Amino acid sequence: MEGRSAGAIGGNWRGEMDELIELLENNRVRYLVIGGQAMRLQGMPRFSMDWDLFIPAKDAKNARLINELLADELDVPLALLGERGENFVQTYQTKWGVVQFHLGVPGLSDFDEVEKRAIILKTESGAPVKCVSGEDLLRSKKSADRAVDMEDVKFLEKKLGIRRDKNGGS
(Lines give C-alpha, C1' and ligand atoms only; values in the text may rest on other atoms or scores of the structure.)
Protein backbone atom coordinates (compact mmCIF):
# COMPACT_ATOMS: atom_id res chain seq x y z
CA MET A 1 0.00 0.00 0.00
CA GLU A 2 1.27 3.46 -0.77
CA GLY A 3 1.56 6.21 1.77
CA ARG A 4 2.02 4.00 4.81
CA SER A 5 2.95 5.72 8.02
CA ALA A 6 4.76 3.96 10.81
CA GLY A 7 3.38 6.48 13.26
CA ALA A 8 5.08 7.63 16.43
CA ILE A 9 3.40 5.05 18.63
CA GLY A 10 3.17 1.37 17.80
CA GLY A 11 5.91 0.77 15.25
CA ASN A 12 6.14 -0.13 11.58
CA TRP A 13 3.58 -2.93 11.72
CA ARG A 14 0.67 -0.47 11.55
CA GLY A 15 0.81 -0.31 7.77
CA GLU A 16 0.79 -4.08 7.71
CA MET A 17 -2.37 -4.07 9.83
CA ASP A 18 -3.91 -1.84 7.18
CA GLU A 19 -3.44 -4.82 4.85
CA LEU A 20 -5.40 -7.08 7.22
CA ILE A 21 -8.17 -4.51 7.66
CA GLU A 22 -8.36 -4.02 3.88
CA LEU A 23 -8.59 -7.81 3.40
CA LEU A 24 -11.45 -8.01 5.90
CA GLU A 25 -13.22 -5.01 4.38
CA ASN A 26 -12.86 -6.18 0.77
CA ASN A 27 -14.36 -9.53 1.70
CA ARG A 28 -17.16 -8.09 3.85
CA VAL A 29 -16.05 -9.73 7.06
CA ARG A 30 -18.05 -8.55 10.04
CA TYR A 31 -15.66 -7.14 12.65
CA LEU A 32 -15.26 -4.12 14.91
CA VAL A 33 -11.97 -2.91 16.38
CA ILE A 34 -12.05 -2.69 20.18
CA GLY A 35 -9.45 -2.29 22.92
CA GLY A 36 -6.18 -0.40 22.75
CA GLN A 37 -6.18 0.12 18.99
CA ALA A 38 -9.70 1.56 19.13
CA MET A 39 -8.47 3.92 21.85
CA ARG A 40 -5.54 4.95 19.68
CA LEU A 41 -7.81 5.54 16.70
CA GLN A 42 -10.06 7.66 18.98
CA GLY A 43 -7.04 9.90 19.57
CA MET A 44 -5.58 8.54 22.81
CA PRO A 45 -1.77 8.36 22.60
CA ARG A 46 -1.36 4.67 23.21
CA PHE A 47 0.99 1.79 22.53
CA SER A 48 -0.64 -1.56 21.88
CA MET A 49 0.99 -4.54 20.24
CA ASP A 50 -2.19 -6.39 19.35
CA TRP A 51 -5.41 -5.78 17.48
CA ASP A 52 -8.62 -6.80 19.22
CA LEU A 53 -11.46 -7.58 16.84
CA PHE A 54 -15.02 -8.10 18.06
CA ILE A 55 -16.84 -10.54 15.77
CA PRO A 56 -20.28 -12.17 15.87
CA ALA A 57 -20.26 -15.11 18.29
CA LYS A 58 -22.57 -17.42 16.35
CA ASP A 59 -22.15 -16.32 12.71
CA ALA A 60 -20.81 -19.49 11.07
CA LYS A 61 -20.59 -17.84 7.64
CA ASN A 62 -18.42 -15.01 9.01
CA ALA A 63 -16.15 -17.44 10.91
CA ARG A 64 -15.81 -19.62 7.81
CA LEU A 65 -14.87 -16.56 5.76
CA ILE A 66 -12.23 -15.50 8.30
CA ASN A 67 -10.84 -19.05 8.32
CA GLU A 68 -10.64 -19.08 4.52
CA LEU A 69 -9.04 -15.65 4.23
CA LEU A 70 -6.53 -16.23 7.03
CA ALA A 71 -5.91 -19.96 6.50
CA ASP A 72 -2.14 -19.46 6.20
CA GLU A 73 -2.01 -17.37 9.39
CA LEU A 74 -4.23 -19.23 11.86
CA ASP A 75 -2.54 -22.18 13.54
CA VAL A 76 -5.98 -23.55 14.43
CA PRO A 77 -9.28 -22.51 12.87
CA LEU A 78 -11.33 -19.78 14.47
CA ALA A 79 -14.21 -21.41 16.35
CA LEU A 80 -17.68 -20.14 17.22
CA LEU A 81 -18.65 -19.43 20.81
CA GLY A 82 -19.32 -22.69 22.60
CA GLU A 83 -22.39 -23.49 24.67
CA ARG A 84 -20.42 -23.03 27.90
CA GLY A 85 -18.65 -19.87 26.74
CA GLU A 86 -15.56 -21.58 25.39
CA ASN A 87 -13.68 -19.80 22.56
CA PHE A 88 -14.66 -16.40 24.02
CA VAL A 89 -11.29 -14.90 23.00
CA GLN A 90 -9.01 -16.51 20.42
CA THR A 91 -5.46 -15.20 19.94
CA TYR A 92 -3.26 -15.66 16.88
CA GLN A 93 0.27 -14.58 15.98
CA THR A 94 0.05 -13.54 12.33
CA LYS A 95 2.34 -11.89 9.80
CA TRP A 96 0.44 -8.70 10.67
CA GLY A 97 1.08 -9.05 14.41
CA VAL A 98 -1.04 -10.43 17.25
CA VAL A 99 -4.75 -10.54 16.42
CA GLN A 100 -7.34 -11.42 19.04
CA PHE A 101 -10.87 -12.33 18.01
CA HIS A 102 -13.40 -11.56 20.76
CA LEU A 103 -16.77 -13.29 20.50
CA GLY A 104 -18.13 -11.17 23.31
CA VAL A 105 -17.06 -7.99 25.08
CA PRO A 106 -17.77 -7.13 28.73
CA GLY A 107 -20.44 -4.44 29.02
CA LEU A 108 -21.63 -4.73 25.43
CA SER A 109 -24.70 -6.41 24.02
CA ASP A 110 -24.45 -8.84 21.16
CA PHE A 111 -22.46 -7.95 18.07
CA ASP A 112 -25.50 -7.12 15.93
CA GLU A 113 -26.60 -4.33 18.29
CA VAL A 114 -23.10 -2.92 18.70
CA GLU A 115 -22.50 -3.04 14.93
CA LYS A 116 -25.50 -0.72 14.38
CA ARG A 117 -23.68 1.96 16.37
CA ALA A 118 -20.23 1.34 14.82
CA ILE A 119 -18.14 4.20 13.52
CA ILE A 120 -15.48 4.43 10.84
CA LEU A 121 -12.13 5.82 11.94
CA LYS A 122 -8.94 6.11 9.90
CA THR A 123 -5.44 4.80 10.49
CA GLU A 124 -2.43 7.08 10.12
CA SER A 125 -2.24 6.10 6.46
CA GLY A 126 -5.92 6.91 5.94
CA ALA A 127 -7.25 3.34 5.80
CA PRO A 128 -10.86 3.16 7.06
CA VAL A 129 -11.43 0.90 10.07
CA LYS A 130 -14.76 -0.16 11.59
CA CYS A 131 -14.68 0.47 15.34
CA VAL A 132 -17.08 0.30 18.23
CA SER A 133 -18.58 3.70 18.99
CA GLY A 134 -16.96 5.87 21.64
CA GLU A 135 -19.91 5.23 23.95
CA ASP A 136 -19.60 1.45 23.50
CA LEU A 137 -15.84 1.61 23.97
CA LEU A 138 -16.37 3.54 27.21
CA ARG A 139 -18.97 1.03 28.37
CA SER A 140 -16.60 -1.88 27.70
CA LYS A 141 -13.66 -0.18 29.44
CA LYS A 142 -15.79 0.53 32.52
CA SER A 143 -17.17 -3.02 32.58
CA ALA A 144 -13.72 -4.58 32.33
CA ASP A 145 -12.90 -2.64 35.51
CA ARG A 146 -9.15 -3.04 35.07
CA ALA A 147 -6.70 -0.53 36.51
CA VAL A 148 -5.01 -0.31 33.10
CA ASP A 149 -8.25 1.03 31.57
CA MET A 150 -8.79 3.96 33.97
CA GLU A 151 -6.87 6.48 31.83
CA ASP A 152 -8.87 5.29 28.82
CA VAL A 153 -12.12 5.87 30.73
CA LYS A 154 -11.06 9.41 31.68
CA PHE A 155 -10.02 10.16 28.09
CA LEU A 156 -13.30 8.88 26.63
CA GLU A 157 -15.44 10.68 29.20
CA LYS A 158 -13.67 13.95 28.38
CA LYS A 159 -13.98 13.35 24.63
CA LEU A 160 -17.67 12.46 24.95
CA GLY A 161 -18.37 15.39 27.29
CA ILE A 162 -19.29 13.24 30.26
CA ARG A 163 -18.70 14.92 33.61
CA ARG A 164 -17.43 12.99 36.59
CA ASP A 165 -19.05 13.61 39.98
CA LYS A 166 -17.00 14.61 43.03
CA ASN A 167 -16.47 10.95 43.95
CA GLY A 168 -14.95 10.15 40.53
CA GLY A 169 -18.03 8.46 39.08
CA SER A 170 -19.83 9.51 35.94
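The values are calculated or read from the model by the stated rules, or taken from the named source; none is laboratory data. All values reported here derive from a predicted model rather than from experimental measurement. Ideal geometry is used to build each Cβ from the backbone, glycine not excepted, and the neighbour counts take in all protein chains shown.
Of the helices (runs of 4 or more DSSP H) lying entirely inside the range 1-73, those carrying at least 1 residues that are at pLDDT 90 or above and more than 29 Å from Met150 (Cβ to Cβ) are 13-26, 60-69.
Selection within the range 48-66: residues that are surrounded by fewer than 18 Cβ atoms within 10 Å (Cβ to Cβ) and closer than 14 Å to Val33 by Cβ. The member of this set that is nearest to the chain's Cα centre (by Cα) is Asp50. The single condition from (1) of a type in the set (Ser, Thr, Tyr); (2) crowded, with 19+ Cβ neighbours inside 10 Å; (3) closer than 22 Å to Arg28 by Cβ that Ser140 fails is (3). The sole residue among Lys61, Lys154, Lys158 that is within 22 Å of Glu25 (Cα to Cα) and out of contact with any helix residue (DSSP H, G or I) (no Cβ under 7 Å at 6 or more places or on another chain) is Lys61. Has the range 87-102 got at least one residue that is in a loop (DSSP other than H, G, I, E, B) and either in contact with a strand residue (DSSP E or B) (Cβ under 6 Å, 6 or more places away or on another chain) or among the small types (Gly, Ala, Ser) (or both)? The answer is no; no qualifying residue exists. All conditions but one from (1) in contact with a strand residue (DSSP E or B) (Cβ under 6 Å, 6 or more places away or on another chain); (2) surrounded by fewer than 18 Cβ atoms within 10 Å (Cβ to Cβ) apply to Gly35; the one that does not is (2).
Looking for something touching a residue at least 60 places away in the same chain (Cβ under 8 Å) and out of contact with any Leu (no Cβ under 6 Å at 6 or more places or on another chain) - is there at least one such residue anywhere in the range 65-80? Looking through the range 65-80, none of the residues is touching a residue at least 60 places away in the same chain (Cβ under 8 Å) and out of contact with any Leu (no Cβ under 6 Å at 6 or more places or on another chain).
Here is a yes/no grid of residues against (1) at pLDDT below 90; (2) surrounded by fewer than 18 Cβ atoms within 10 Å (Cβ to Cβ):
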position: Pro128; (1), (2): no, yes
position: Cys131; (1), (2): no, no
position: Lys166; (1), (2): yes, yes
position: Gly169; (1), (2): yes, yes
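Of all residues assigned to the range 123-138, at least one qualifies as being part of a strand (DSSP E or B) and touching a Lys or Arg at 6+ places or on another chain (Cβ under 8 Å). Checked against the criteria, Leu156 does not count as over 21 Å from Met49 (Cα atoms), out of contact with any strand residue (DSSP E or B) (no Cβ under 7 Å at 6 or more places or on another chain) and of a type outside the set (Lys, Arg).
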